[in-house]
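To keep things clear, I will list the structure first and then write my remarks on it.
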Amino acid sequence: MDVKTGLKTVRKIAIGVIGFTIILIGIILIVLPGPAFIVIPLGLGVLALEFEWARRMLQKVKEKVARKKNSAK
């Protein structure tokens, strides 16, 4: 394993840990007072920097928000 591959792996792990931590905080904020509806997509945004599945999930969340916004008008 060369240095570049090692750094990519460390970056992927760091982004995963940070993203999942933010999502976990968002899940906790569902039952506690706080902006869970902002924090969870933020965590997905962090994960989307490295993971394709998170990009797809974030896109679905954006589409649902847009539909809700349009139906509220």
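With respect to the stated conditions, L32 is more than 15 Å from the chain's Cα centre (by Cα) and among the hydrophobic types (A, V, I, L, M, F, W, C). Among the candidates V61, V46, V39, V10, the residue that is over 15 Å from the mean Cα position of the chain (by Cα) and among the hydrophobic types (A, V, I, L, M, F, W, C) is uniquely V10. Restricting attention to segment 46-59, the residues being within 13 Å of I15 (Cα to Cα) and surrounded by 16 or more Cβ atoms within 10 Å (Cβ to Cβ) number 6.
Within segment 29-56, the residues that satisfy the criterion of being among the aliphatic types (A, V, I, L, M), assigned to a helix (DSSP H, G or I) and under 26 Å from L7 (Cβ atoms) are L42, L44, V46, L47, A48, A54. In segment 1-21, the residues that are more than 18 Å from W53 (Cβ to Cβ) and at pLDDT below 90 form Cβ pairs under 9 Å with partners that are part of a helix (DSSP H, G or I) and hydroxyl-bearing (S, T, Y), at six or more places apart or across chains, as follows: M1/T9. From the list V39, V65, the one residue that fits, being out of contact with any strand residue (DSSP E or B) (no Cβ under 8 Å at 6 or more places or on another chain), hydrophobic (A, V, I, L, M, F, W, C) and under 25 Å from I13 (Cβ atoms), is V39.
Of the residues K69, K62, K8, the single one that is out of contact with any helix residue (DSSP H, G or I) (no Cβ under 7 Å at 6 or more places or on another chain), surrounded by fewer than 10 Cβ atoms within 10 Å (Cβ to Cβ) and either among the basic types (K, R) or assigned to a helix (DSSP H, G or I) (or both) is K69.
The values are calculated or read from the model by the stated rules, or taken from the named source; none is laboratory data. Computed from a prediction, not measured in an experiment: that's the story for all the values here. Cβ atoms come from the backbone with ideal geometry, glycine included; neighbour counts cover every protein chain shown.
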